[in-house]
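Scroll down for the structure; my scribbles are underneath it.
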Amino acid sequence: MQLIGVPMKAIQIVARPNGDDVVLAWRTDRINGCLGFAVERQVRGDTAAYLETELPFAGQQSTKGERRPSTRWPIQRFVWTDHLAPKGVDVRYRVRPVGGTVDSTEPSKVAEASGWTPWVRCDTTSTPGISLFPNRGIVASQWVEDEIDERRTASPGSTDAALLAAAISTPGDGLRKRLAGQVLEAFRAQFALAAKRKEELYAALYELRDDELIELLCAAGPRAHVVLANGAFDDEDPDPNADAAKRLRKAKVDVTRRLVQSGHFAHNKFVVFGSGATRRVLTGSTNWTPSGLCTQANHAVLIEDPALADAYAAYWDRIRAAKSDYPESFKAGNALPGQGTAGAVSTRAWFTPVAKQADMADARALIRNAQHGALFLMFRPGDNDTLIEDIKSLYEKGKFIRGVVNQNAFGKRTAPTIDFFNKSAKALSTNPSLLLPARLSEAVGALDKELATKGVLIHSKTVVLDPFGDHPVVITGSHNLGTKASGKNDDNLLIIENAPGLAQEFAVYIMNTYDHYRWRYEKGLREKPAVQPVAGTPKPKPKWRGLITTDAWQNPSYLKKSAVEVSFWFDS
């Protein structure tokens with residue numbers, strides 16, 4: 001059986017980078033005797049080297065942290081992510097089928113290697129004037145467990161939760177730096193640039209509890225103007241931002257408190273820097289807290305477009321004028337989106353609250369007209385009348401759908417759940433599955449059980465449509481993509497059309513998040529549910545024991561499912 005369904009004389013491969021990773025996809029006929037694939041990476045000017053993996057064949061012993069070249073422990077997939085791709089240099093890739101036996105593997109024994117991909121670069125400069133900065137805030141990972149394990153040894157008696165909390169709250173800590181990733185780098189860079197230029201800055205923030213970010217604002221002093229909300233308030237702590245407000249005022253920052261009533265959230269997280277031709281805005285999903293930076297999947301987007309930044313600044317003025325209320329004039333001022341002027345790239349930002357869900361209607365029309373499919377990450381859009389319904393309609397039309405939604409489906413006293421939408425017209429199942437958060441809850445071979453965290457896992461709010469098609473679309477911002485965000489909150493919904501480079505960067509970000517959890521689900525490494533799952537929830541599968549020791553991993557069912565995903569990365 002062929003992977004794509006048409007005869008192929010050679011293995012075809014494509015490389016799709018963003019600023020943090022490179023996704024590789026390859027396609028070929030079924031290869032008899034193939035135990036998997038080895039991936040070669042070449043940095044321009046250097047000799048090629050094989051990527052390493054850490055998953056052995058079934059029956060083989062491995063030690064914690066052991067890695068071997070993919071010629072020895074091959075990749076039994078057709079899509080792979082190079083998480084260790086060097087930044088800011090040209091790289092290219094090719095794949096080789098691995099034959100032989102488990103104890104004596106031989107690359108390219110059973111078929112010729114693919115050609116090299118074109119040179120690509122791991123950065124965020126693919127769309128001039130618009131940059132994506134994702135974090136690495138998935139704590140259920142082996143590398144995080146390894147870090148915590150070392151700290152546990154150095155601090156006996158400390159709980160994992162306490163060690164993690166201390167790490168992510170400490171500026172300069174190595175674990176904090178790796179988890180926060182490019183988001184923190186972007187914040188630092190933009191504040192440093194503003195200081196160099198002596199620019200004014202205007203921030204609208206939902207939560208502000210990270211010491212390093214508070215100090216960035218304090219260092220700006222009177223140049224900084226901040227509308228600071230009451231954050232994720234509750235009866236015990238109605239104003240968790242109070243201490244930050246005191247620190248800002250002591251540093252002579254211009255602070256306006258927006259303490260909205262229950263039922264509303266002053267939910268923005270954006271900063272407008274500068275004025276005139278260099279005015280720009282940094283927005284996205286990241287709350288300015290240690291958890292927002294480090295233990296939730298989040299991102300930031302920088303738009304260096306003065307016209308669009310002016311629209312955000314005007315919205316900031318309306319927020320400040322509204323004080324802690326929602327006057328009709330505030331909603332009326334948000335009736336039309338702010339427009340960017342980025343040439344062929346179309347950018348617009350809807351600001352809320354807005355009447356008659358005008359922002360949602362704009363996004364819905366784009367989703368319903370998608371030609372290939374949708375990728376998405378969402379936090380908690382609501383129970384009904386959200387963009388999820390429109391994405392499901394694409395599934396019903398046979399489009400490619402992949403995404404993760406973080407929501408609490410079993411009530412306030414249970415852990416958040418993750419909905420996986422992994423379906424298409426060619427998939428065998430008929431309905432999306434409701435799953436619990438995926439992590440390694442016990443040791444599996446040389447893999448340790450992974451750190452459990454409470455609360456939010458996925459906090460990004462992003463939909464990407466047709467990233468490799470003729471009309472790529474990115475929908476993002478602070479907006480939770482539901483009716484409350486549209487009609488009751490302060491939020492921004494950023495829509496970017498015809499920016500294929502940026503759409504690809506978001507696609508890589510979303511699919512890496514999705515694949516991280518999918519692996520844990522498909523191998524049956526799931527926690528027991530906190531309560532009885534809803535009817536129809538799949539039962540846990542047997543634990544994964546290692547790579548298949550024959551070419552049987554290329555079974556017809558797997559090849560059929562893989563064809564859908566591989567075709568997406570090739571856009572064919």
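The values are calculated or read from the model by the stated rules, or taken from the named source; none is laboratory data. Worth saying up front: this structure is predicted, and the values here are computed from it rather than measured. Cβ sites come from the backbone with ideal geometry, for glycine too, and all protein chains shown count toward neighbours. Surface accessibility is based on the protein's heavy atoms, side chains included, excluding ligands, DNA and RNA. Shrake-Rupley method; radii C 1.70, N 1.55, O 1.52, S 1.80 Å.
If you check Arg348, Arg320, Arg364, which single one turns out to be among the basic types (Lys, Arg), more than 27 Å from Leu213 (Cβ to Cβ) and in contact (Cβ under 8 Å) with a residue 40 or more places away in the chain?
Among Arg348, Arg320, Arg364, only Arg348 is among the basic types (Lys, Arg), more than 27 Å from Leu213 (Cβ to Cβ) and in contact (Cβ under 8 Å) with a residue 40 or more places away in the chain.
With the checklist (1) closer than 21 Å to Ala186 by Cα; (2) free of Cβ contacts under 8 Å to residues at least 40 places away in the same chain; (3) open to solvent by less than 50 Å² (accessible area, probe 1.4 Å) in hand, flag the one item Ala219 doesn't pass.
Of everything listed in (1) closer than 21 Å to Ala186 by Cα; (2) free of Cβ contacts under 8 Å to residues at least 40 places away in the same chain; (3) open to solvent by less than 50 Å² (accessible area, probe 1.4 Å), Ala219 misses just condition (3).
Quickly run through region 72-97 and pick out the residues that are under 16 Å from Arg41 (Cβ atoms) and in contact with a Gly (Cβ under 7 Å, 6 or more places away or on another chain).
Result: Pro74, Ile75, Arg94.
Exactly one condition in (1) surrounded by fewer than 18 Cβ atoms within 10 Å (Cβ to Cβ); (2) in a loop (DSSP other than H, G, I, E, B) is false for Glu106; which is it?
With respect to (1) surrounded by fewer than 18 Cβ atoms within 10 Å (Cβ to Cβ); (2) in a loop (DSSP other than H, G, I, E, B), Glu106 is out only on (2).
Collect the residues in region 88-137 that are on the phi < 0 side of the Ramachandran plot and among the hydroxyl-bearing types (Ser, Thr, Tyr), keeping them in residue-number order.
Answer for region 88-137, where residues must be on the phi < 0 side of the Ramachandran plot and among the hydroxyl-bearing types (Ser, Thr, Tyr): Tyr93, Thr101, Ser104, Thr105, Ser114, Thr117, Thr124, Thr125, Ser126, Thr127, Ser131.
For region 233-257, enumerate the residues that are free of Cβ contacts under 8 Å to residues at least 60 places away in the same chain, open to solvent by 30 Å² or more (accessible area, probe 1.4 Å) and closer than 22 Å to Tyr315 by Cα.
Passing the criteria: only Asp254.
Yes or no, residue by residue, for (1) open to solvent by less than 50 Å² (accessible area, probe 1.4 Å); (2) touching a residue at least 40 places away in the same chain (Cβ under 8 Å); (3) touching a Pro at 6+ places or on another chain (Cβ under 8 Å):
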position	(1), (2), (3)
Ala335	no, no, no
Pro353	yes, yes, no
Asp359	yes, yes, yes
Thr386	yes, yes, no
Leu394	yes, no, no
Lys397	no, no, no
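Select from region 30-41 the residues that are open to solvent by less than 10 Å² (accessible area, probe 1.4 Å) and among the small types (Gly, Ala, Ser) and write down the one among them that is farthest from Val89 (Cα to Cα).
Among residues in region 30-41 that are open to solvent by less than 10 Å² (accessible area, probe 1.4 Å) and among the small types (Gly, Ala, Ser), the one farthest from Val89 (Cα to Cα) is Gly36.
For Ala300, which of the numbered conditions (1) part of a helix (DSSP H, G or I); (2) open to solvent by less than 20 Å² (accessible area, probe 1.4 Å); (3) small (Gly, Ala, Ser) fails to hold?
Here Ala300 meets the rest and fails (1).
Got a sec? Which of Ala344, Ala365 is modelled with pLDDT of 95 or more and surrounded by fewer than 20 Cβ atoms within 10 Å (Cβ to Cβ)?
Unique residue meeting the criteria: Ala365.
What's the number of the only condition in (1) more than 20 Å from Thr81 (Cα to Cα); (2) crowded, with 21+ Cβ neighbours inside 10 Å; (3) not small (Gly, Ala, Ser) that Pro134 fails to meet?
(1)
Among the numbered criteria (1) closer than 18 Å to Ala446 by Cα; (2) open to solvent by less than 50 Å² (accessible area, probe 1.4 Å), which one does Gln61 miss?
Condition (2) is where Gln61 drops out.
Answer yes if at least one residue in region 252-259 is of a type in the set (Asp, Glu), touching a strand residue (DSSP E or B) at 6+ places or on another chain (Cβ under 8 Å), within 27 Å of Asp210 (Cβ to Cβ) and not in a loop (DSSP other than H, G, I, E, B), and no otherwise.
yes
Does region 162-215 hold any residues that are open to solvent by 50 Å² or more (accessible area, probe 1.4 Å), closer than 17 Å to Ala251 by Cα and either at pLDDT below 95 or not in a helix (DSSP H, G or I) (or both), and which are they?
Lys198, Glu200, Tyr202, Arg209
Being small (Gly, Ala, Ser), under 25 Å from the mean Cα position of the chain (by Cα), open to solvent by less than 10 Å² (accessible area, probe 1.4 Å) and at pLDDT below 95, is that true of even one residue in region 281-292?
Looking through region 281-292, none of the residues is small (Gly, Ala, Ser), under 25 Å from the mean Cα position of the chain (by Cα), open to solvent by less than 10 Å² (accessible area, probe 1.4 Å) and at pLDDT below 95.
Return yes or no: is Phe78 farther than 18 Å from Trp143 by Cα, open to solvent by less than 40 Å² (accessible area, probe 1.4 Å), in contact (Cβ under 8 Å) with a residue 12 or more places away in the chain and more than 28 Å from the chain's Cα centre (by Cα)?
It is false that Phe78 is farther than 18 Å from Trp143 by Cα, open to solvent by less than 40 Å² (accessible area, probe 1.4 Å), in contact (Cβ under 8 Å) with a residue 12 or more places away in the chain and more than 28 Å from the chain's Cα centre (by Cα).
Have a look at Arg209, Arg197, Arg176 and point out the one that is of a type in the set (D, E, K, R), touching a strand residue (DSSP E or B) at 6+ places or on another chain (Cβ under 9 Å) and more than 27 Å from Leu259 (Cβ to Cβ).
Being of a type in the set (D, E, K, R), touching a strand residue (DSSP E or B) at 6+ places or on another chain (Cβ under 9 Å) and more than 27 Å from Leu259 (Cβ to Cβ) holds for just one of Arg209, Arg197, Arg176, which is Arg197.
Report, by residue number, each residue of region 260-273 that is surrounded by 16 or more Cβ atoms within 10 Å (Cβ to Cβ) and not polar (S, T, N, Q).
Val260, His264, Phe265, Ala266, His267, Lys269, Phe270, Val271, Val272, Phe273
Could you tell me which of the residues Arg72, Arg27, Arg44, Arg67 is over 24 Å from the mean Cα position of the chain (by Cα), open to solvent by 50 Å² or more (accessible area, probe 1.4 Å) and touching a residue at least 40 places away in the same chain (Cβ under 8 Å)?
Of Arg72, Arg27, Arg44, Arg67, the one residue that is over 24 Å from the mean Cα position of the chain (by Cα), open to solvent by 50 Å² or more (accessible area, probe 1.4 Å) and touching a residue at least 40 places away in the same chain (Cβ under 8 Å) is Arg44.
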